[in-house]
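The values are calculated or read from the model by the stated rules, or taken from the named source; none is laboratory data. Just so it is clear, the structure is predicted and the values come from calculations on it, not from any experiment. Ideal geometry is used to build each Cβ from the backbone, glycine not excepted, and the neighbour counts take in all protein chains shown.
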Amino acid sequence: MDLPLFFYALTGFAVLMYVILDGFDLGVGLLLPLVGEQAERDRMIAGIVPLWDGNETWLVFGGVLLFAAFPPAYAALLPALYVPLILMLLGLVLRGVAFEFRYKTRMARALWDGVFFLGSLLAAAGQGFALGAYVESLPGGGVARLSPFILICAAGLCAGYALLGATWLVMKNEGELQERARAWARACVYLLALGLVAVTLATPLARADLAARWFSLPHVLYLAPLPLLAVLLLTRLLSILPRAEREPFGLAIAVFVLGFAGLVASHFPYLGLGLSLQQAAASPKSLEFLIVGVVLLLPIILGYTAYAYRVFRGKTPAAQGY
């Protein structure tokens, strides 16, 4: 078995799971200010309360895999991404605090809803800043600096998370809130499409080597279908949004999977700062030992995730949530 490749795929899987699962509850937080009625905001949050902390398990799992399996890459990437990662962690802390305190008060619940929105925005934007910095700055070396490309990535990721959140609300609710969520999802599709176009056009300008990979033969033959498929999926999402409930959320997930596939195809087999898988991987003995932990923990995380989503499947109860 090619252990560096195995752990590269496993780390990517963990990151993708986090982006999808925590992405929709971050998106719900981003949409929260669009609702004025406290009862409706309570329903929005009630739909993610049983799941949000379990979703973040994948972030911890992916970070541990990167640290243990690719220590040189971890040591190089983390200092360069201190600022966006601190923003993300600060946002996640604010969200956790807001979750607890908003249920302990009635008079100040609107205040804690605002804190929840701020935490969601900081977490989503921090991840977008980190993504843009990784694509633009890190492979060439140096500490990430704010640039128009990084801002575009952050805005695009926020729009994508908002789309996941809106389609989740469509799937989990009925009545007026569901119709509002359909309208939000429709707007988010256009915002995400605009972000994808902007990132696609800006990436060749930010990185000449990525432009060569995407627009040269034979790479263009198997990379070009990715953005084309994303356009088709977003078009399909718009067409079924007025009547469907579950499929829009699945299509939004599929768009994220395609985006992640494009990111991997752009950089493989490098992890950033010019480090290849073999250069960044830990020793074979360390990777063999790490497999023991993966065999023990991964089934537990997968089982807990599947069980939680099965228990809390269906519509969110309208009265008081779960």
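Data table
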{"quantity": "Unique residue being surrounded by fewer than 18 Cβ atoms within 10 Å (Cβ to Cβ) and within 24 Å of Ala9 (Cβ to Cβ) when the list is Leu34, Leu66, Leu59, Leu78", "calculated": "Leu78"}
{"quantity": "Residue among Ala281, Ala244, Ala252, Ala308 that is of a type in the set (Gly, Ala, Ser) and over 30 Å from Glu37 (Cβ atoms)", "calculated": "Ala281"}
{"quantity": "Index of the failed condition, Arg41 passing every other in (1) touching a residue at least 60 places away in the same chain (Cβ under 8 Å); (2) under 22 Å from the mean Cα position of the chain (by Cα)", "calculated": "(2)"}
{"quantity": "The one condition in (1) in contact with a helix residue (DSSP H, G or I) (Cβ under 7 Å, 6 or more places away or on another chain); (2) part of a helix (DSSP H, G or I); (3) surrounded by fewer than 21 Cβ atoms within 10 Å (Cβ to Cβ); (4) modelled with pLDDT of 90 or more that Thr167 fails to fulfil", "calculated": "(3)"}
{"quantity": "Selection count, segment 261-302, where residues are assigned to a helix (DSSP H, G or I) and under 21 Å from the mean Cα position of the chain (by Cα)", "calculated": "10"}
{"quantity": "Qualifying residue in segment 107-120 (condition: over 30 Å from Glu179 (Cα atoms) and in a helix (DSSP H, G or I))", "calculated": "no"}
{"quantity": "Pairs, first under 14 Å from Ser120 (Cα atoms) in segment 72-91, second acidic (Asp, Glu) and at pLDDT 90 or above, C-beta under 8 Å, six or more apart", "calculated": "none"}
{"quantity": "Residue in segment 276-290 that is farthest from Ala69 (Cα to Cα), counting only those that are among the hydrophobic types (A, V, I, L, M, F, W, C) and touching a residue at least 12 places away in the same chain (Cβ under 8 Å)", "calculated": "Leu277"}
{"quantity": "Selection within segment 195-223 - without any contact (Cβ under 8 Å) to a residue 24 or more places away in the chain and within 22 Å of the chain's Cα centre (by Cα)", "calculated": "Val197, Leu201"}
{"quantity": "Subset tally (residues that are in contact (Cβ under 8 Å) with a residue 12 or more places away in the chain and outside any loop (DSSP other than H, G, I, E, B)) for segment 239-260", "calculated": "12"}
{"quantity": "Any hit, segment 241-256, residues being touching a helix residue (DSSP H, G or I) at 6+ places or on another chain (Cβ under 7 Å) and either exposed (fewer than 14 other Cβ atoms within 10 Å of the Cβ) or over 22 Å from Ile20 (Cβ atoms) (or both)", "calculated": "yes"}
